[in-house]
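Written below as structure tokens is the structure these notes are about.
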Amino acid sequence: MKDTMDFLNNKTGNFVPEVAIVLGSGLGELADEFCDMAIPYSEIPNFIKSGVHGHKGRLVFAKIDGKNIVMMQGRNHYYEGHSMQEITYPIKVFKELGVKTIILTNAAGAVNETFKPADLMIITDHINHMGSNPLIGPNDEHFGERFPDMSEVYKKDLVELAKKCAKELKIDIQTGVYWANSGPSYETPAEINMIRQLGGDAVGMSTVPEAIVANYCGLNVLGISCITNAASSANGNKLSHEEVIEAANNAKVKFKSLILNILKNL
Ligand code: HPA
């Protein structure tokens, strides 16, 4: 951590970000538009490179509306073979940099039958079905306690703020529970049925490890899913990564304006 912090503080001139944003598949454009400094993960000590198509893999620092922001343009995933600890390391770095609030975004499949592609869903809670937990292993009390409370990971006031910001922009907004699978295979129809019956509204392969670590570190978490598809063959069609990226692209204008409005009102 000291190597990472020394490197970043040296590069950025001790930039202290107040808000961190993790930009999911197809949602990275915000970091192209607002970029004072970009550092590829490959240059940062102890970061792993991003390997997924449609993800860039760099840390972007910017001032937006007078607020200091750090963005992850692209994230690493558990299904790539990295450990839970490796993929959540940047969250601990954000905590060390001084971040107070983190906005986690992702592309997700709809489970709730009222959701349509390109809808945005504010995450109210999650179900961790990834089969692991990033806090497994020795606990470093510097970051948080051994058995962290999880009763309000996604802060209710942030959920309300995001809803209000969407309303101001006349963006229809959904709310719901994000279900995380490890992936990389998408879900079978039987799995989607199960997820629906167990309380999931959207399903994806990210965000939950980051939310667990952010909550553990005492960061305020807001989560936003971009619904990119009806989950697995609900409509009899096959699901592809291209379809997911295309739908995220269709949502990116409203996604970007929502994020900017939230930053303004934080
Ligand atoms: N399932 C899992 N992850 C996803 C999906 C999906 O349908 N769409 C985008 N990410």
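Just so you know, all these numbers are worked out from the coordinates, no wet-lab data involved. The shown structure was predicted, so the numbers you read here are calculated from the model rather than taken from an experiment. Here the Cβ is made from the backbone with ideal geometry for all residues, glycine too, and neighbour counts use every protein chain on show.
How do 138-144, 175-181 rank on mean C-beta neighbours within 10 Å, highest first?
The most tightly packed comes first, giving 175-181, 138-144.
If you take every residue apart from residue 88 with its C-beta less than 14 Å away from the C-beta of residue 88, what net charge results, scoring Lys and Arg +1 and Asp and Glu -1?
Counting the neighbours of residue 88, the net charge comes to -2.
State the antiparallel share, in %, of DSSP beta bridges confined to the chain, rounding to the nearest 5.
Taking every DSSP beta bridge within the chain, about 35 percent pair in antiparallel fashion.
Quick check: from the Cα gyration tensor, does segment 56-202 come out rounded (a/c under 1.5), prolate or oblate?
oblate
Relative contact order of the chain: what whole-number percent is it, with Cα pairs under 8 angstrom and at least 6 residues apart?
RCO, the chain: 25 percent.
From the phi of every residue in segment 191-204, what ³J(HN,Hα) in whole Hz does the Karplus formula 6.51 cos²θ - 1.76 cosθ + 1.60 yield, where θ is phi - 60° and glycine or proline is x?
Each residue's phi maps through the Karplus curve to give 5, 4, 4, 4, 4, 4, 5, 8, x, x, 10, 9, 10, x Hz.
For segment 152-266, what relative contact order do you get, as a whole percent, if you take Cα pairs closer than 8 Å and at least 6 residues apart?
33 percent
List, in order, the whole-Hz ³J(HN,Hα) value for each residue of segment 104-121 obtained from phi through the Karplus relation with A = 6.51, B = -1.76, C = 1.60 and θ = phi - 60°; use x for Gly and Pro.
9, 10, 7, 9, 9, x, 6, 10, 4, 6, 8, 8, 10, x, 6, 5, 10, 10
Amide H of residue 25 versus every other amide H placed in the peptide plane: which residues, excluding those fewer than 5 positions away on the same chain, fall under 5 Å?
Correct list: 107.
Amide H neighbours of residue 230 under 5 Å, counting only residues 5+ apart in sequence or on other chains, H built in-plane at 1.01 Å?
Long-range HN contacts for residue 230: 110.
Give me the mean projected area, in nm² to one decimal, of the convex hull enclosing the Cα positions of segment 24-131.
Directional mean of the projected Cα hull area for segment 24-131 stands at 8.2 nm².
How would you rank 36-46, 97-107, 81-91, highest first, on the average number of other Cβ atoms within 10 Å across their residues?
Final packing ranking: 97-107, 81-91, 36-46.
Search the structure for amide H atoms under 5 Å from the amide H of residue 239, placed 1.01 Å from N in the peptide plane, and list their residues when 5 or more places away or on another chain.
Excluding prolines and chain starts, which carry no amide H, the hits are 233.
Using Cα centres only, tell me the gap between segment 188-266 and segment 81-104 in whole Å.
Using only Cα atoms to place each centre, the spacing works out to 19 Å.
Could you pull out which residues in segment 91-116 have an amide N less than 20 Å from a spot 7 Å beyond the Cα of residue 5, following the Cα-Cβ vector?
What the label zone holds, given the 20 Å backbone N cut-off, is 91-102.
From the backbone phi of segment 128-144, what are the Karplus-calculated ³J(HN,Hα) couplings (6.51 cos²θ - 1.76 cosθ + 1.60, θ = phi - 60°) in whole Hz, Gly and Pro given as x?
So the Karplus estimates, Gly and Pro as x, are 8, 10, 7, x, 7, 8, x, 8, 5, x, x, 9, 9, 4, 4, 8, x Hz.
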